[in-house]
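No lab work stands behind these numbers, since they all come straight from the coordinates. Quick caveat, the model's predicted, so the values are computed rather than measured. All Cβ positions, even for glycine, are placed from backbone atoms using ideal geometry, and neighbour counts span all protein chains on display.
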């Protein structure tokens, strides 16, 4: 359950975590906008174009807000686009990596949070692209692999956070395949318009596909974040409007 007075309410439907506005979508919108004003600050003009890349980046920002506000308070976050969602391009890295470092290295794990955003009110099929994102983790393109992303994170931890002692623990999070990576968990997330209907069937299918790719059943936890009139809300968020 989400905390009292939270702007998003959380529920579990057949293994899919559902997030919706609390008490309504406008409350969630206002909360995300407040976060953007603090952490992003710049917005596009009223005449500015809301590209598909910006829509996707805003979906990542919404997902980051939900994760950092509710479930991942004790994690080190490494977002690709959430802090600069209004840029004209989208960095191809894993959308958000959440790293938990426990009292012992055996407690450590990482959550790979990939996000897809669709404003369609008639279909949720865009979520299928989440599978492609996770396939890249151990794919042939070296720049997109999990180990490359973890190397970038180690650089940040060593030189930005000044904690080089943590780097070996981060190196130990990933193996050479899904089967050999028990410290890696997947969080496939769809940000969608509520008018498109329930996302449960779609996200359950994505979870099943990822398990079929070699990920353990206990390592895949889908999310769906639903907001009404999503196209309009993304435009208003991009412009800094309620």
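If you go through region 131-139 one residue at a time, do you hit one that is farther than 30 Å from residue 231 by Cα and surrounded by fewer than 17 Cβ atoms within 10 Å (Cβ to Cβ)? Yes: one or more hits. Return yes or no: is residue 175 out of contact with any helix residue (DSSP H, G or I) (no Cβ under 6 Å at 6 or more places or on another chain), more than 19 Å from residue 116 (Cα to Cα) and surrounded by fewer than 16 Cβ atoms within 10 Å (Cβ to Cβ)? It is true that residue 175 is out of contact with any helix residue (DSSP H, G or I) (no Cβ under 6 Å at 6 or more places or on another chain), more than 19 Å from residue 116 (Cα to Cα) and surrounded by fewer than 16 Cβ atoms within 10 Å (Cβ to Cβ). The set of residues in region 181-198 being more than 16 Å from the chain's Cα centre (by Cα) and within 27 Å of residue 234 (Cβ to Cβ) consists of 193, 194, 195, 196, 197, 198.
Of the residues making up region 203-229, those that are assigned to a helix (DSSP H, G or I) and in contact (Cβ under 8 Å) with a residue 60 or more places away in the chain are 203, 204, 206, 207, 209, 210. Answer yes or no: is there a residue in region 38-56 that is within 13 Å of the chain's Cα centre (by Cα) and either assigned to a strand (DSSP E or B) or without any contact (Cβ under 8 Å) to a residue 12 or more places away in the chain (or both). No, the conditions are met nowhere in region 38-56. Among the residues of region 140-155, those identified as surrounded by 13 or more Cβ atoms within 10 Å (Cβ to Cβ) and either touching a residue at least 12 places away in the same chain (Cβ under 8 Å) or closer than 23 Å to residue 217 by Cα (or both) are 144, 145, 146, 147, 149, 150, 152, 153, 154. Listed conditions (1) within 30 Å of residue 154 (Cβ to Cβ); (2) touching a residue at least 12 places away in the same chain (Cβ under 8 Å) are all met by residue 7, apart from (1). Residue 74 meets all of the listed conditions (1) outside any loop (DSSP other than H, G, I, E, B); (2) touching a strand residue (DSSP E or B) at 6+ places or on another chain (Cβ under 8 Å) but one, namely (1). Once region 79-94 is narrowed to residues that are under 24 Å from residue 44 (Cα atoms) and in contact with a strand residue (DSSP E or B) (Cβ under 8 Å, 6 or more places away or on another chain), the residue that is surrounded by the fewest Cβ atoms within 10 Å (Cβ to Cβ) is 80.
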